[in-house]
1. If I filter the range 41-61 down to residues being part of a helix (DSSP H, G or I) and open to solvent by less than 20 Å² (accessible area, probe 1.4 Å), which single residue comes out as nearest to Asp8 (Cα to Cα)?
2. Tell me, please, whether a residue that is polar (S, T, N, Q), in a helix (DSSP H, G or I) and either closer than 30 Å to Leu16 by Cα or open to solvent by less than 40 Å² (accessible area, probe 1.4 Å) (or both) can be found in the range 203-221.
3. Would you check which residues across the range 62-91 are surrounded by fewer than 20 Cβ atoms within 10 Å (Cβ to Cβ), in contact with a strand residue (DSSP E or B) (Cβ under 8 Å, 6 or more places away or on another chain) and either free of Cβ contacts under 8 Å to residues at least 60 places away in the same chain or among the β-branched types (Val, Ile, Thr) (or both) and list them?
4. Can you find even one residue in the range 142-152 that is open to solvent by less than 30 Å² (accessible area, probe 1.4 Å) and in contact with a strand residue (DSSP E or B) (Cβ under 9 Å, 6 or more places away or on another chain)?
5. What is the number of the single condition among (1) among the hydroxyl-bearing types (Ser, Thr, Tyr); (2) open to solvent by 60 Å² or more (accessible area, probe 1.4 Å); (3) under 17 Å from the mean Cα position of the chain (by Cα) that Ser38 does not meet?
Amino acid sequence: MTGNSVLDLNGVHLSLGHGAGRTHILKGIDLKINTGESVGLVGPSGSGKSTLLMVMAGLEQADKGTVKATGQELGQMSEDELARFRGQNVGIIFQSFHLVPNMTALENVAVPLELSGDPKAFERAKEELKAVGLGHRLNHYPTQLSGGEQQRVAVARALVTNPGILIADEPTGNLDETTSEQIIELMFAAQARTNTTLILVTHDPSLADRCQRKIRVHSGTIDEETVPVREARAQ
């Protein structure tokens with residue numbers, strides 16, 4: 001792949017847990033991801049895919065090695081600095097939505113903007129909800145929304161800050177096939193529109209094949225990198 005690197009991981013190791021239960025999850029990961037690229041992380045459960053995502057987002061810090069995102073070394077940042085970095089650069093979509101239950105859809109999407117002091121937080125949140133097809137559900141609470149609608153809110157919240165990096169951990173794992181396809185289209189349309197770098201973990205082969213690059217993770221190492229046939233033909 002050519003282009004400017006937005007994520008650069010070198011010799012990354014990470015163990016989680018304590019004492020006898022401490023487990024070596026990531027084992028010497030080397031990986032570069034370019035600006036505007038879409039990357040699918042695949043592999044068996046427990047292989048380290050989601051942990052690798054969390055390291056890229058600065059939600060977990062490597063024990064050894066370096067993680068650079070947008071040219072900044074995450075391992076040298078304090079928790080407050082990491083929080084600011086994520087607020088300015090990273091949008092995250094989780095499998096289980098993670099919406100605040102006592103906030104409306106509009107309030108949920110406005111949260112990251114409010115935290116950054118944006119005076120137009122609610123105006124921008126409203127526009128982002130309209131963009132994901134929920135302009136008519138602004139004042140509904142998560143319990144009043146279907147699973148697909150909740151994930152649309154989560155997508156809008158991840159995109160509202162115009163992040164350079166969009167991370168998605170099994171974004172369609174709790175959705176039916178039709179709703180999954182709608183969410184997938186939303187994510188790829190947003191990525192194409194904004195040139196956001198999209199990195200997603202998935203067990204869905206067809207979703208991984210939509211990405212420009214597919215990376216297989218196995219036992220905490222990168223086992224294989226492939227370019228889907230469609231992308232290979234375009235190069």
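1. Restricting attention to the range 41-61, the residues satisfying the condition of being part of a helix (DSSP H, G or I) are 49-56.
After this cut, where a residue has to be open to solvent by less than 20 Å² (accessible area, probe 1.4 Å) as well, the list is 49, 52-53, 55-56.
Numbers: Lys49: 16, Leu52: 12, Leu53: 13, Val55: 11, Met56: 9 Å.
Filtering the range 41-61 for residues that are part of a helix (DSSP H, G or I) and open to solvent by less than 20 Å² (accessible area, probe 1.4 Å), the one nearest to Asp8 (Cα to Cα) comes out as Met56.
2. no
3. Ala62, Asp63, Lys64, Gly65, Thr66, Thr70, Glu73, Gly75, Phe85
4. yes
5. If we test Ser38 against (1) among the hydroxyl-bearing types (Ser, Thr, Tyr); (2) open to solvent by 60 Å² or more (accessible area, probe 1.4 Å); (3) under 17 Å from the mean Cα position of the chain (by Cα), just (2) comes out false.
The values are calculated or read from the model by the stated rules, or taken from the named source; none is laboratory data. Only a predicted model underlies this, so the values are computations on that prediction, with no experimental measurement involved. Here Cβ is always computed from backbone atoms with ideal geometry, including for glycine, and neighbour counts include all displayed protein chains. Protein only, heavy atoms only, side chains kept; ligands, DNA and RNA dropped before computing areas. Shrake-Rupley method; radii C 1.70, N 1.55, O 1.52, S 1.80 Å.
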